[in-house]
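Trainee: Pasting in a structure now, in structure tokens, and then I'll have a few things to ask.
The values are calculated or read from the model by the stated rules, or taken from the named source; none is laboratory data. Quick caveat, the model's predicted, so the values are computed rather than measured. We place every Cβ from the backbone using ideal geometry, glycine too, and count neighbours over all the protein chains shown.
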Amino acid sequence: RKEVEQDPGPFNVPEGATVAFNCTYSNSASQSFFWYRQDCRKEPKLLMSVYSSGNEDGRFTAQLNRASQYISLLIRDSKLSDSATYLCVVPRSGGSYIPTFGRGTSLIVHP
Amino acid sequence: NAGVMQNPRHLVRRRGQEARLRCSPMKGHSHVYWYRQLPEEGLKFMVYLQKENIIDESGMPKERFSAEFPKEGPSILRIQQVVRGDSAAYFCASSPGSEKTLFFGSGTQLSVL
């Protein structure tokens, strides 16, 4: 299993739809997880941290499933402005703390 | 409170020249990470530095690439004798400590002719 794996998509959804992405990881000792958002040719920006108990921020919900080693991101009531690439971040196994990024899942929200 | 500052925004070099990319972390941040991103690909870790120390450079090619983060001044990623394959976006991120959130600069797009 790769360190961090994401379905590249694209996910093509209409405005108002609910969409969910999963991200699997191999480092069972990982303690911190994040979702970042990256718009075309721009820097990644933190969307939300992922806590063991789950985390909700407005229309966005992040969940952690340690048993199956995946994290998820749920977006409700999609907006056109949600169109972006969503990056899953998990610490690399072993050694110093190195956040490892998945390749990202592309989301396209259309009118 | 300024964010992570990277410059230049765009850098064009001919094969064989040197490229120097600079990164000033957010105020109060002493941890700096460099990542490289090729078109249609994810961010690949290159090097992790704290003030005056290289903590982990396992993602950086052994030849031609070097990085530093001096006591005073920005972090520098240096690429000697650039080749076309070095063309990519180079992002710097800083954090206030280990296992803390990363904040990214706007990146340097390096183009090698």
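Trainee: Run B:LEU38 past the list (1) crowded, with 17+ Cβ neighbours inside 10 Å; (2) within 23 Å of A:VAL90 (Cβ to Cβ); (3) of a type in the set (A, V, I, L, M) and report the number of the one that doesn't hold.
Mentor: That leaves (1) as the condition not met.
Trainee: May I ask you to list the residues in the range B:44-54 that are within 14 Å of the chain's Cα centre (by Cα) and either more than 9 Å from chain A (Cβ to nearest Cβ) or at pLDDT below 95 (or both)?
Mentor: B:MET46, B:VAL47, B:LEU49, B:GLN50, B:ILE54
Trainee: Only one of (1) loosely packed, with under 13 Cβ neighbours inside 10 Å; (2) at pLDDT 95 or above fails for B:PHE65. Which number is that?
Mentor: It is condition (1) that B:PHE65 fails.
Trainee: Right, here's the next one. Scan (1) of a type in the set (S, T, N, Q); (2) modelled with pLDDT of 90 or more; (3) closer than 29 Å to B:VAL32 by Cα for the single condition A:SER81 breaks and write down its number.
Mentor: That leaves (3) as the condition not met.
Trainee: Restricting attention to strands (runs of 3 or more DSSP E) lying wholly within the range A:49-106, give those where 1 or more residues are touching a Pro at 6+ places or on another chain (Cβ under 8 Å).
Mentor: Working: elements: A:55-57, A:60-65, A:70-75, A:84-91, A:99-101.
Because the criterion is at least 1 residues that are touching a Pro at 6+ places or on another chain (Cβ under 8 Å), the strands (runs of 3 or more DSSP E) in the range A:49-106 that meet it are A:84-91, A:99-101.
Trainee: Same structure, new question: Which of the residues spanning the range A:58-111 are surrounded by fewer than 17 Cβ atoms within 10 Å (Cβ to Cβ) and within 14 Å of chain B (Cβ to nearest Cβ)?
Mentor: Across the range A:58-111, the qualifying residues are A:SER93, A:GLY94, A:GLY95, A:SER96.
Trainee: At negative phi and in a loop (DSSP other than H, G, I, E, B): is that true of A:ALA29 in this structure?
Mentor: For A:ALA29, the condition - at negative phi and in a loop (DSSP other than H, G, I, E, B) - is met.
Trainee: With the requirement that a residue be of a type in the set (S, T, N, Q), surrounded by fewer than 15 Cβ atoms within 10 Å (Cβ to Cβ) and in contact with a Gly (Cβ under 9 Å, 6 or more places away or on another chain), what does the range A:37-57 give you? Before the answer, list the steps.
Mentor: So in the range A:37-57, the residues of a type in the set (S, T, N, Q) come out as A:38, A:49, A:52-53, A:55.
Add one more test, that the residue is surrounded by fewer than 15 Cβ atoms within 10 Å (Cβ to Cβ), and what stays is A:49, A:52-53.
Answer for the range A:37-57, where residues must be of a type in the set (S, T, N, Q), surrounded by fewer than 15 Cβ atoms within 10 Å (Cβ to Cβ) and in contact with a Gly (Cβ under 9 Å, 6 or more places away or on another chain): there is none.
Trainee: Suppose the filter is within 11 Å of another protein chain (Cβ to nearest Cβ), touching a residue at least 24 places away in the same chain (Cβ under 8 Å) and either farther than 20 Å from A:ARG37 by Cβ or of a type in the set (Val, Ile, Thr) (or both); does B:SER98 pass it?
Mentor: yes
Trainee: Which condition breaks for A:SER53 when tested against (1) at pLDDT below 95; (2) within 30 Å of B:GLN50 (Cα to Cα); (3) of a type in the set (Ser, Thr, Tyr)?
Mentor: It is condition (2) that A:SER53 fails.
Trainee: Something else about it: What are the pairs with Cβ atoms under 7 angstrom where one residue, in the range B:74-87, is surrounded by fewer than 16 Cβ atoms within 10 Å (Cβ to Cβ) and the other, located anywhere, is assigned to a loop (DSSP other than H, G, I, E, B) and not aliphatic (A, V, I, L, M)? Sequence gap at least six, or different chains.
Mentor: That search, which allows pairs on different chains as well, returns B:ARG78/B:GLU18; B:GLN80/B:GLU18; B:GLN80/B:ARG64; B:GLN81/B:GLY16; B:GLN81/B:ARG64; B:VAL83/B:ARG15; B:ARG84/B:ARG15.
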